[in-house]
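Here's the structure, in structure tokens; my notes come after.
The values are calculated or read from the model by the stated rules, or taken from the named source; none is laboratory data. This is a predicted model, so every value here is computed, not measured. A quick note on method: Cβ atoms are made from the backbone with ideal geometry, for glycine too, and the neighbour counts reach across all protein chains shown.
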């Protein structure tokens, strides 16, 4: 059956052309397609399975792209993509990579934004609606705005999990104030990425249980009109509900109750039940029950953002996030009993970062999921630290961007002893929405925030012990090692060079570590690029007879001018490597240090000016470009660096 | 009467020692003191006037500092300061500057955080409470955490205006989830900095009107227990209410209804009324009615964050924010009629940035106050642009930090044509919470975000016309000129050097402008430092016979390598000036450019390497340090730069 109808859907008009009684079959085909796609490819399958009927109904009722549908964080946009000319990318395994996991205007006129961070859909929708309503005011509007097609209904689709993020509340609060047509569809599947966390979810459950009549109703509390659809997986009911709000003249929340992961449970097995033992987290694909939540569950509900089938994942070792995340959690867990104030905080993304379900169960009150709330999480951590507790806040580099002001104000300005674990920092083949290439420029320019970049497991755990121990007095971010380091460690012959252990008892990590003392050229490899620095030095020595000095700077928040000055005289060239954006990053600071020092001491006789070469990323967004290709593009390769060094000398 | 009781209050114990019937007199003295202080010194007087009785009651009932009181954004902490040993700083005009406008642990053990940005108090309080409750779990806790005194009640005090910010909602949502003692006092004065904006304020008004019984109740919607106090300016009622929640075993919201600015209206004049004509905004101190809100008002309600008495302000011209803000608004307003999509957005801080009440009235739908919601405001602006509208979002540099992720994702990644007006960017004598020294490092390292730094009124308005016109295709931030430029423009002899008008019709501002072509030394003065660059060049020529080239770079987001290469050969030294943090900033990028270019072309014969000197701010927070002192500290002075140039040549 797979694809009999779906394969012929080239756009929303084809959905409208079906008879009403063909819609359930279309939904069944889509669900089957999602399941096959998910097993082979992975992705945010759970939320899409829950949104099959609603998405079909959306395109049945509304007129995309004239009616603008904004999918929050894009996780539930796969069905939308299938119905807007991109079905083949899901039906044909050969074409899986033709679409991204996020909405993207470059893919389709039915996608309006590139979105991958939570909670912004209502605000974006407010903007679309505002311009529509401004333009309608004057006769000249149509002409003036001719480059953008006219806008009909504006619809934001947002999950209950996304509602926990601050900007979503800001959007709700502004929607009613603004007035005019604006439809917020709340896809309530009772789940965030992991379970929902927050006080709002109790009243929300009672609202569902009452068929949308109970108070307090949080949407009405934001001044919004409100309707409820209990069976959010009944396509006919949804078509009716959407017809009822189409062309409405004021903002309204349409709250639909869906089942995340519907289709994963065997037919008929819909009774709520809780597994007696948690399923194995590394293989979160279960044909009968794939639920890893901490809460009472329905069959079919699913945790886990990016699913992989156990067949595909079986032979693969942990990726760096899970590998180093698990090590960190094990190190912290061993201290829980004697350190009552030690708390691990995750803003809703534990699994990806190695914070396993089993760990969370054992950690008890030592673990807090704050929901998708990076801003709160950072301020919360600062409060914990101010009270004498020891918080460790773990999330993805690009999500820390959502707490930039709290990093500045609540953490750095207040000098609280908080440890941030920065996952996926640096270059990777990630989506453009999740790039870690900007983390150094974000973190390392904040006064008083110590930014550590470990080059291996041992150093990573030492740094974590230090930042959470009494010797550290302020905020510290530790960039969790990435693929280059994990690969080097797994290869077994790394590191080539090892510095003498630091004799001083109190290593505060401000000093760079010279791991091999040579001359002429010094190669400084920050964090993930340190293995590359070693390889460059080895090649220079073996093939070109140049005994380069190798430096593990260990941190990128302050310059170790003592070590930098120590390189003078015996070195003519300093090479810095970093796997992040050069502009605003680390290496250029070292170059500027030497340049300014040289200019300011020009009247002194003696040493020649130090030359410099900086390697790192260009200032650009990249989208799913493989790491090796990025490295080549930026010259972060052994050959490229060696050639540049030889050229410069 | 002023100070008879207040003058003898050395701490909360003295408040507790008074008889109950002395409390109204204490409140009256405090109110009188605030009025005198406000007239002479300015400050956030309105919210403090409303919080007099509540703050007295807080210190009457709770045991600070064991009970931790966290004042959101600190605006309403003046009375708290008076009651915790700092009354003299308000009673004695000679000592006004002994305290800052914000809570500060360096001032008092009763202050727990340095706070100046909105909405974080609940999250911080959650952190304090979490550690208290974790520590209580084990016997060893007290010993372990001995460095931090034990914690009793944890109390967050937050205004209804602050509730509009996303992190406040995140905090509310997490408070109930966490459980344990946590008291959130909502100081509801029906006002934000300007009026309240948002859909929540209607239901909140009905909640007040019903004596706290109406639904929907937004606080209960977040799963929180709730109580209401109608007369939030009755000290006895507040003492009762606080006694009722002291040592409570779960989170609760205590909603108190106060009158912002109580004491400003003449006695007896408490009837709600609306002024027939808006009062003059430049003199927002009115003995009878100082209200500038767009909403129906009570007498005594006040807009305006930092009040100045008209006597003090009368002889002073506008500060740079108001001066250039008014110019920008006038330029935009002239276009409203023929450009229906042009929208000015302010996240709750219009007045300070020259967005006057009169302008807002005239702008109608062309002006949107989104409440204190920078994240929403940026995403909203992106939505407007995507729909073909032309948004201009104006706020303070340090507040843009609250939307950093939206700058990256919704704006830059999506490439929407949004103009940001960055007020108070660069060095100033501001509080540490409001420093603009970090804005270049924040904005200019985001790919695709054009960062313009005008050097005068004409250039500022040209840039605004460009960024909001059809030639611009992506997001642009314009750093509104600051004090050095306004002073130079007012002095009348500026600029000394003027470049030829650009012959090309389409100036996209990517090119630096050589305003005077000389040799040997090139001085590049970004934005606010451009007048200094001119003075340095004049001095070099007049006193030292050096004809320095002067460059107005105009932007700091991309390097104009054509101009930089053009300086080679004829110049030996490049000097960059910027009034922001050097690390992650602008000038060091130019230095790194030359250093890398020189290293990479070392095998070519010819030009000597370019030397460089970068002047800018150190990586540090500064608190109310006068601008001249900062300039001296960082060497951003004519003498300092000239001496360094002579030394380097």
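Residue A:46 fulfils the conditions (1) modelled with pLDDT of 95 or more; (2) assigned to a helix (DSSP H, G or I) except for a single criterion, (1). Here A:560, A:547, A:579, A:598 are screened, and the one residue that is surrounded by fewer than 24 Cβ atoms within 10 Å (Cβ to Cβ) and under 32 Å from the mean Cα position of the chain (by Cα) is A:560. How many residues does the range B:73-118 contain that are touching a helix residue (DSSP H, G or I) at 6+ places or on another chain (Cβ under 7 Å), farther than 24 Å from residue B:57 by Cβ and within 14 Å of chain A (Cβ to nearest Cβ)? Summing the residues that are touching a helix residue (DSSP H, G or I) at 6+ places or on another chain (Cβ under 7 Å), farther than 24 Å from residue B:57 by Cβ and within 14 Å of chain A (Cβ to nearest Cβ) in the range B:73-118 gives 3. Can you name the residue in the range B:119-142 that is at pLDDT 95 or above and not in a helix (DSSP H, G or I) and, of all such residues, is nearest to the other protein chains (Cβ to nearest Cβ)? That would be B:120. Restricting A:198, A:171 to residues that are touching a helix residue (DSSP H, G or I) at 6+ places or on another chain (Cβ under 8 Å), surrounded by 24 or more Cβ atoms within 10 Å (Cβ to Cβ) and assigned to a loop (DSSP other than H, G, I, E, B) narrows the list to A:198.
Would you mind telling me which numbered condition in (1) within 20 Å of residue B:536 (Cα to Cα); (2) touching a residue at least 60 places away in the same chain (Cβ under 8 Å); (3) surrounded by 24 or more Cβ atoms within 10 Å (Cβ to Cβ) residue B:572 fails? Residue B:572 satisfies every listed condition except (3). Given the criteria surrounded by 22 or more Cβ atoms within 10 Å (Cβ to Cβ), in contact with a helix residue (DSSP H, G or I) (Cβ under 8 Å, 6 or more places away or on another chain) and not assigned by TED's automatic domain parsing to the domain that holds residue B:632, does residue B:397 qualify? Criteria met by residue B:397. From the list B:181, B:174, the one residue that fits, being under 24 Å from residue A:372 (Cα atoms), modelled with pLDDT of 95 or more and within 8 Å of another protein chain (Cβ to nearest Cβ), is B:174. As for the range B:462-474, it holds no residue that is under 22 Å from residue B:411 (Cα atoms) and in a strand (DSSP E or B).
In this structure, residue B:91 does satisfy being surrounded by 15 or more Cβ atoms within 10 Å (Cβ to Cβ) and modelled with pLDDT of 95 or more.
Note on the range A:403-426: residues that are at the interface with another protein chain (Cβ under 9 Å from one of its Cβ atoms) and either without any contact (Cβ under 8 Å) to a residue 24 or more places away in the chain or assigned to a strand (DSSP E or B) (or both) total 1.
Suppose we filter the range B:229-258 for residues that are under 21 Å from residue B:191 (Cβ atoms) and within 14 Å of chain A (Cβ to nearest Cβ); how many remain? Number satisfying all stated conditions: 2. Apart from one condition, residue B:607 fits all of (1) modelled with pLDDT under 95; (2) touching a helix residue (DSSP H, G or I) at 6+ places or on another chain (Cβ under 9 Å); (3) within 13 Å of another protein chain (Cβ to nearest Cβ); the exception is (3). Of the residues in the range A:361-368, at least one is surrounded by 18 or more Cβ atoms within 10 Å (Cβ to Cβ), closer than 21 Å to residue A:165 by Cβ and either in the same structural domain as residue A:197 (by TED's automatic domain parsing) or in contact with a helix residue (DSSP H, G or I) (Cβ under 9 Å, 6 or more places away or on another chain) (or both). Checked against (1) assigned to a helix (DSSP H, G or I); (2) closer than 24 Å to residue B:19 by Cα, residue B:247 meets all criteria but (1). Residue selection: residue B:448 fails the criterion of being at pLDDT 95 or above, under 21 Å from residue A:124 (Cα atoms), surrounded by fewer than 21 Cβ atoms within 10 Å (Cβ to Cβ) and touching a strand residue (DSSP E or B) at 6+ places or on another chain (Cβ under 9 Å). Going through the range A:81-110 one residue at a time, which ones are closer than 19 Å to residue A:4 by Cβ and assigned to a loop (DSSP other than H, G, I, E, B)? A:87, A:92 - these are the residues of the range A:81-110 that are closer than 19 Å to residue A:4 by Cβ and assigned to a loop (DSSP other than H, G, I, E, B). Evaluate the following for residue A:585: is it more than 7 Å from chain B (Cβ to nearest Cβ) and modelled with pLDDT of 95 or more? For residue A:585, the condition - more than 7 Å from chain B (Cβ to nearest Cβ) and modelled with pLDDT of 95 or more - is met.
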